[in-house]
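Heads up: the structure comes next, in structure tokens.
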Amino acid sequence: MGKILLTGATGNVGKHVATHLAESGLEVRALVRDPSRARLPDGVEVVQGDLTAPETLHPALKDVETVFLVWPGFAAETAADVVEAIAGQARRVVYLSADVADLQEGEQATIFHQDVERLIRRSGLTWTFLRPCGFATNTLGWAGQIRQGLVRWPYGEASRSLIHEKDIAAVAAHVLTSAGHGGAAYVLSGPERLTQAEQARVIGEVVGREVRWEDLPPEVAREELLAAWGDPAFVDGALRGWASFVTEPEKVTDTVRTLLGRPALTFRQWAEDHADDFR
Ligand SMILES: NC(=O)c1ccc[n+]([C@@H]2O[C@H](COP(=O)([O-])OP(=O)(O)OC[C@H]3O[C@@H](n4cnc5c(N)ncnc54)[C@H](OP(=O)(O)O)[C@@H]3O)[C@@H](O)[C@H]2O)c1
């Protein structure tokens, strides 16, 4: 199997993909913006590059057969040039997308994934899309409030099938290192649904603290999230998303089990892995 280039290799998902691939003995290269800060497993070659400057990708793509592409949370302005650069030098791409297939234009801040998927479909590359539901890591944003024993957040009844980043990474590593995934779009989720209030309670149980939930009215939450996150489109998209999960709980899929032959990790297992982040 030819050389694999990882993007996002220092992120939540990518760092576990790097670990899997380093253990597999394959030739792996990681594209990072700042090699002096990147901590990657032994055996992973590190090269400097930036997805907002597509011309920096050419050295990173030399002799690469497959790219694991993570598009960080910014608009897809340079995506066409990035996909063209990949298609010019590699044969296959595995794209970390999102469960965006059914979204309407402008419905959520993750809409850029539809644009990137479209560019990849037209590129001539053999592609696989990983479309995870919500990441369990999103709840790290509550860490400060969990330490105080009270989470004030909107839509406590929003019901989500949060997925452990280790499961997304294990699926990515499986797809990157085995044949037969061309043209597949895998929707990935955790094994169960929990409401946001239940998620906060589980984290509290794991760290040994009683955690109460206070449902913030959406208009109050909007002001607070705007102050914290800045981007109105992102805030409004998140609020609409949580509101929708009250009436239409997030989907649960069996894809992790089907691909890996073991069940997806539970939210409690995720909280145990991250207990120190909440202490
Ligand atoms: N959170 C969710 O619920 C959710 C759900 C579905 C899909 N997703 C998608 O998952 C992706 C995020 O994955 P993640 O959480 O693993 O990532 P993450 O932890 O946010 O890390 C982002 C990664 O991207 C790299 N990066 C940032 N800007 C870059 C640039 N200009 N050029 C090259 N690399 C850059 C960072 O590397 P350096 O900083 O080291 O350069 C880092 O490795 C996003 O596309 C998001 O839309 C998220």
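The values are calculated or read from the model by the stated rules, or taken from the named source; none is laboratory data. Keep in mind that this is a model prediction, so the values were computed, not measured. Methodologically, a virtual Cβ is constructed for each residue, glycine included, from the backbone with ideal geometry; neighbour enumeration extends over all protein chains shown.
Table for the structure above
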{"quantity": "Restricting the stretch 42-57 to residues that are surrounded by fewer than 19 Cβ atoms within 10 Å (Cβ to Cβ) and either within 20 Å of the chain's Cα centre (by Cα) or of a type in the set (Gly, Ala, Ser) (or both), the residue that is farthest from the ligand (Cβ to nearest atom)", "calculated": "Gly43"}
{"quantity": "Checklist (1) modelled with pLDDT under 95; (2) buried (at least 17 other Cβ atoms within 10 Å of the Cβ) applied to Thr266, failing item", "calculated": "(1)"}
{"quantity": "Hits in the stretch 158-194 - residues which are more than 16 Å from the chain's Cα centre (by Cα) and under 14 Å from Trp270 (Cα atoms)", "calculated": "Pro191, Glu192, Arg193, Leu194"}
{"quantity": "Only one of Ala75, Ala60, Ala30, Ala18 that is within 13 Å of the ligand (Cβ to nearest atom), in a helix (DSSP H, G or I) and within 26 Å of Arg121 (Cβ to Cβ)", "calculated": "Ala60"}
{"quantity": "Strands (runs of 3 or more DSSP E) lying entirely in the stretch 118-206 (those with 2 or more residues that are more than 26 Å from Gln89 (Cα to Cα))", "calculated": "150-153, 184-188"}
{"quantity": "All positions within the stretch 232-279 that are in a loop (DSSP other than H, G, I, E, B), aliphatic (A, V, I, L, M) and touching a helix residue (DSSP H, G or I) at 6+ places or on another chain (Cβ under 9 Å)", "calculated": "Ala264, Leu265"}
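Residue-by-condition table, conditions (1) closer than 29 Å to Thr78 by Cβ; (2) buried (at least 21 other Cβ atoms within 10 Å of the Cβ):
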position: Asp115; (1), (2): yes, no
position: Arg118; (1), (2): yes, no
position: Ser123; (1), (2): yes, no
position: Phe135; (1), (2): yes, no
position: Gln145; (1), (2): no, no
position: Arg152; (1), (2): no, no
position: Arg160; (1), (2): no, yes
position: Ile163; (1), (2): yes, yes
position: Ala169; (1), (2): yes, yes
